[in-house]
């Protein structure tokens, strides 16, 4: 009897072992490798071996197995036209060899995984999904803090940084200590867990990049504002987001998204970080007014007051028509010293048009610890000049300035 039981268990174990071997041979990555090897001639297969391929990156504390499926990523002579058998586009691998950089440090995803969805990070609880197409440019910033030498390789990232400055985003948001605290700090926006976002009104894939891009294009659709339970009793109106509707086109929204995804608190070893080049020379200005316009741009005043201070940004329940006021008539109500003190100390909160409703979301922050005295004087000169007739040679206020604005006066 014991012999029969022993024989039965032996047969069962042998069958289970065979099933395990068969299942392992039928894994997704083995199918990709078989298909790739069958496409090659005997001479082309020389020196190539199957199995899981991995790059151990000790300095970066990661292990990447991406080349298990992307077998021709560094072999353009063997590459096929279909994924995952294509070669890496361009010449980037010449300066970023996979054996030193791996794949996930630039492309995101889950390096240890060996099936497609998990490797691409498109699974529950994985917060860094694969960066597709131009979104991969967001990874350049972690090593190349100075983008000037690689601007041609990361054009959307460079454009996003420029747009961030031109639109006056620093007037409400802070990035690495620069900017205001009216709204959320964006210093680690690229690491925000997308599972914590309200994706109710986001179309397409549910991930961080989709939320950010659609929020830039249609902020009042993606974040419609306070829910009913967040409002005072009896208040039925839902306040929408105070993020301005900039009217961005697809490219501009994508560029700003790339910049947002680049904002991470990720510290790579010094050997991977490119030292910054010499700073740009300080610009010179023909007058204090021109210098003040640059200050207006630098500190994000246009984010609330609009280009050239013409106003128009919605500020729900604010006492002056539910809007951030235009700066054009400021000269009628303030002299230099009074205006300077107002900018220095701000106004928090802005008076409400209806005392029973919530405070307006936008307010005039205090700039006394952020704008140096000399630049403050220049800013005051510029703001007071907005109430004067434009010279014939000066562009109208409706045209975007050469360098975008920045500050706020409620």
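Please go through region 148-160 and give me each residue that is surrounded by fewer than 19 Cβ atoms within 10 Å (Cβ to Cβ), in contact (Cβ under 8 Å) with a residue 12 or more places away in the chain and in contact with a helix residue (DSSP H, G or I) (Cβ under 8 Å, 6 or more places away or on another chain), ordered by number.
153, 155
Given the residues 367, 316, which is the only one that is part of a loop (DSSP other than H, G, I, E, B) and at pLDDT below 95?
Every option except 316 fails the conditions.
So, residue 151, is that one modelled with pLDDT under 95 and either touching a strand residue (DSSP E or B) at 6+ places or on another chain (Cβ under 9 Å) or in the same structural domain as residue 61 (by TED's automatic domain parsing) (or both) or not? The answer is no for residue 151.
Conditions tested, residue by residue: (1) outside the structural domain of residue 170 (by TED's automatic domain parsing); (2) under 26 Å from residue 363 (Cα atoms); (3) touching a helix residue (DSSP H, G or I) at 6+ places or on another chain (Cβ under 7 Å); (4) without any contact (Cβ under 8 Å) to a residue 24 or more places away in the chain.
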| residue | (1), (2), (3), (4) |
| --- | --- |
| 256 | no, yes, yes, no |
| 260 | no, yes, yes, no |
| 266 | no, no, yes, no |
| 301 | yes, yes, yes, no |
| 314 | yes, yes, no, no |
| 317 | yes, yes, no, no |
| 328 | yes, yes, yes, no |
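Name the residues in region 253-267 that are surrounded by 13 or more Cβ atoms within 10 Å (Cβ to Cβ) and farther than 22 Å from residue 156 by Cα, would you? Answer for region 253-267, where residues must be surrounded by 13 or more Cβ atoms within 10 Å (Cβ to Cβ) and farther than 22 Å from residue 156 by Cα: there is none.
Here is a yes/no grid of residues against (1) assigned to a helix (DSSP H, G or I); (2) in contact (Cβ under 8 Å) with a residue 24 or more places away in the chain; (3) in the same structural domain as residue 257 (by TED's automatic domain parsing); (4) touching a helix residue (DSSP H, G or I) at 6+ places or on another chain (Cβ under 6 Å):
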residue: 77; (1), (2), (3), (4): no, no, no, no
residue: 85; (1), (2), (3), (4): no, yes, no, yes
residue: 89; (1), (2), (3), (4): no, no, no, no
residue: 110; (1), (2), (3), (4): no, no, no, yes
residue: 118; (1), (2), (3), (4): yes, no, no, no
residue: 138; (1), (2), (3), (4): yes, yes, yes, yes
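Just to be sure before I move on: is residue 53 surrounded by 16 or more Cβ atoms within 10 Å (Cβ to Cβ), more than 29 Å from residue 150 (Cα to Cα) and either in contact with a helix residue (DSSP H, G or I) (Cβ under 6 Å, 6 or more places away or on another chain) or not assigned by TED's automatic domain parsing to the domain that holds residue 152 (or both) in the structure I sent? So residue 53 passes the test.
The values are calculated or read from the model by the stated rules, or taken from the named source; none is laboratory data. Quick caveat: nothing in here was measured; it's all calculated off a predicted structure. Backbone-built Cβ (ideal geometry, glycine too); neighbour counts: all protein chains shown.
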